[in-house]
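Take a look at the structure set out below.
The values are calculated or read from the model by the stated rules, or taken from the named source; none is laboratory data. In this text the structure is predicted, and so the values were computed from the model without any measurement. Neighbour counts are summed over all protein chains in view; Cβ atoms, including those assigned to glycine, are modelled from backbone coordinates with ideal geometry. SASA here: full protein model, heavy atoms, side chains in, ligands and nucleic acids out. Shrake-Rupley method; radii C 1.70, N 1.55, O 1.52, S 1.80 Å.
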Amino acid sequence: MDDTPDRTETRAELLPEEQAVDSADPEGQAREVLRDSDRRTEHPEATLGRRKPEDTV
């Protein structure tokens, strides 16, 4: 997907729950979040059945 700096900057604005734990590198974190999201969007079958609800808590 599109990995433009503007997209990363927008995502680097921390959500309230992310602000609560802070981030040493919000832009780096944003790039990884977007990369993972893109991967799961482009290949949803690769993520089906991998996690159970109790695994995400």
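Per the conditions (1) outside any helix (DSSP H, G or I); (2) at pLDDT below 75; (3) open to solvent by 100 Å² or more (accessible area, probe 1.4 Å), the sole criterion not satisfied by residue 45 is (1). Taken over region 12-28, the criterion of being part of a loop (DSSP other than H, G, I, E, B), of a type in the set (A, V, I, L, M) and exposed (fewer than 10 other Cβ atoms within 10 Å of the Cβ) is satisfied by 15, 24.
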